[in-house]
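The values are calculated or read from the model by the stated rules, or taken from the named source; none is laboratory data. Just so it is clear, the model here is predicted, and its values are computed rather than measured. Note: ideal-geometry Cβ built from the backbone for every residue, glycine included; neighbour counts use all protein chains shown.
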Amino acid sequence: MYYRAMKSVKRVLKKIIPSGLFARLLPLFHKSQSVFYNLLFGFPGRKLKVIAVTGTNGKTTTVSYIASILQANGDKVGVSTTSYQQIGDKVYHNKENRTVADPLKVFWLLRRMRMARVDWVVLEVTSHALDQHRLWGVPIYAAVMTNLTQDHLDYHKTMENYAAAKAKLFENDVKFVALNADDEWFDYYNDIPVQQKMSYGTSKNASAHLSNIKLTPSGSHFSLTLDHTVKLDFKSSLIGQFNVYNAAAAATIAYMFYIDKSAVVKGIAEMQTVPGRMEPIGADIPYNLIIDFAHTPDGLEKVLETLKDMTNGRLILVFGGIGNRDDGERPMMGEIAARFADRIILTDDEPYDKDVAWLRKDVMKGIKKGKGTGKTTEVDGRRNGIKKALDIAKKDDTVVITGMGDYDFVKVGDGYEPWNDKQAVVELLQEKGRLQSTDKKSE
């Protein structure tokens, strides 16, 4: 309700204030909200040790790995991600469909964490939140930058602006920073002065060097050599090389805090899954069924590449075009789908104020460019699209449903409609008699 009220206020102000002046006043409007709620809740971030994770992809999983390590070390944690929030032993599903909520909810959550006396707070942080000062007044003890690839150019306009927005995370006397040495933008972030910095990756110059990476359908094994002297061997249940990087980021930042090495290894091993992130759906079916949040070109490519290598049959992709985002991404994702998927079910995603048929048409441009029209079926309605994929899947195939993760609703025009990919899958499998019961979501 608060978020909608603030949007209404902004719409009214935009109508009565000249556009040039409005653009100059908007940052002040955003910062004033954070200042007000900091004052109201007594600057709750000041007595918390906050670890912030940003980047285009991998944020939620990296946060989850860090939290798992800290818990293995015996610490009490507070967590906030796109998928879930956590205070100690209590886990809550994030029903916002937003990674960082409005300042009222951000500072109220931090106050609850402070009152619960958590030892650490681990936050997933977006470029929008940084640009709009939603974490103003929160001292960042440590930060992780996972990667930077094309996303949100509808908002930032250029990759340089996008990178600069992410860089704001490192401005306020951050004590520890972990950077991806293999990322294209590594040099940009490495030039930012911070107190203590480590890099992770397969690059020979990485101060946390990845090696012996072995990927399997049930997880991964890898080694990480820290400071050229300390070698740790890891086992993780999460699949894909991109998750190896997420685990390495978490292990690197934990090493910088002098967290016990056995807790670092144990924490990585104990992390089983993250809702909506390469999440397998177990059922009485002869094929693999996975839900993933991949909603950017880079994210989709990594997911499909990983699953392609691990699938003996066909890789069947269910996805659509998202509205109110960088228009250049939809054709890119269509071309990626054509390159990796054996069958494509092109359906609907979160449309916002765009026409779903137009969004599918925009994605189809990329599919055509990738010469994938012959293996593509366009299906109106996301539930119908998922049903089509389940109907055609055979033994040893992999069906992957991307774009929505564990969202509970979709934005349609000025309203919201209930939707959850996993729930739709469960209902469809139950109709087929392939699923008798499912686990309930956290509170």
- prompt: Among the candidates Gly415, Gly385, which residue alone is at pLDDT 95 or above and more than 21 Å from the chain's Cα centre (by Cα)?
  reply: Gly385
- request: Among the helices (runs of 4 or more DSSP H) lying completely within the range 136-197, list those that include at least 1 residues that are surrounded by 17 or more Cβ atoms within 10 Å (Cβ to Cβ) and aliphatic (A, V, I, L, M).
  value: 159-167
message: Which condition from (1) over 24 Å from Tyr189 (Cα atoms); (2) touching a helix residue (DSSP H, G or I) at 6+ places or on another chain (Cβ under 8 Å); (3) outside any loop (DSSP other than H, G, I, E, B); (4) at pLDDT below 95 is the one that Leu130 breaks?
response: (1)
- prompt: Of all residues in the range 108-127, how many are in a helix (DSSP H, G or I) and over 21 Å from Ile192 (Cα atoms)?
  reply: 8
task: Please specify each residue of the range 296-318 satisfying the condition of being assigned to a loop (DSSP other than H, G, I, E, B), touching a strand residue (DSSP E or B) at 6+ places or on another chain (Cβ under 7 Å) and within 22 Å of Val379 (Cα to Cα).
output: Arg314
task: Scan the range 335-345 residue by residue and report those that are surrounded by 24 or more Cβ atoms within 10 Å (Cβ to Cβ) and closer than 18 Å to Gly381 by Cα.
output: Ile344, Ile345
message: Could you check the range 207-227 and list, in sequence order, the residues that are under 23 Å from the mean Cα position of the chain (by Cα), of a type outside the set (A, V, I, L, M, F, W, C) and either in a strand (DSSP E or B) or crowded, with 16+ Cβ neighbours inside 10 Å (or both)?
response: Thr216, Gly219, Ser220, His221
- request: Name the single residue, out of those in the range 228-258 being out of contact with any helix residue (DSSP H, G or I) (no Cβ under 6 Å at 6 or more places or on another chain), touching a residue at least 60 places away in the same chain (Cβ under 8 Å) and farther than 23 Å from Asp309 by Cβ, that is surrounded by the fewest Cβ atoms within 10 Å (Cβ to Cβ).
  value: Phe257
query: Which of the residues belonging to the range 259-285 are under 23 Å from Gly299 (Cα atoms) and buried (at least 18 other Cβ atoms within 10 Å of the Cβ)?
result: Ile268, Met271, Val274, Pro275, Gly276, Arg277, Met278, Glu279, Ile281
- request: Quick one: which residue in Val125, Val118 is in contact with a strand residue (DSSP E or B) (Cβ under 9 Å, 6 or more places away or on another chain) and crowded, with 24+ Cβ neighbours inside 10 Å?
  value: Val125
query: In the range 390-415, what count of residues is obtained for those that are in contact with a Phe, Trp or Tyr (Cβ under 7 Å, 6 or more places away or on another chain) and β-branched (Val, Ile, Thr)?
result: 4
message: I want to confirm something. Restricting to the range 349-361 and keeping residues that are without any contact (Cβ under 8 Å) to a residue 60 or more places away in the chain and surrounded by fewer than 21 Cβ atoms within 10 Å (Cβ to Cβ), which single residue is nearest to Ala338 (Cα to Cα)?
response: Lys361
task: Hey, could you check the range 286-307 for residues that are of a type in the set (Asp, Glu) and crowded, with 18+ Cβ neighbours inside 10 Å and say which is nearest to Thr146 (Cα to Cα)?
output: Asp298
message: Which numbered condition in (1) in a loop (DSSP other than H, G, I, E, B); (2) modelled with pLDDT of 90 or more; (3) not acidic (Asp, Glu) is the only one that Ala283 fails?
response: (2)
- request: Would you check if Ala101 is assigned to a helix (DSSP H, G or I) and small (Gly, Ala, Ser)?
  value: no
Condition met for Val50 (of a type in the set (Val, Ile, Thr), modelled with pLDDT of 90 or more and touching a Pro at 6+ places or on another chain (Cβ under 7 Å)): yes
- prompt: Do we have any residue at all in the range 243-265 that's of a type in the set (Ser, Thr, Tyr), in a strand (DSSP E or B), at pLDDT 95 or above and within 30 Å of Val399 (Cβ to Cβ)?
  reply: no
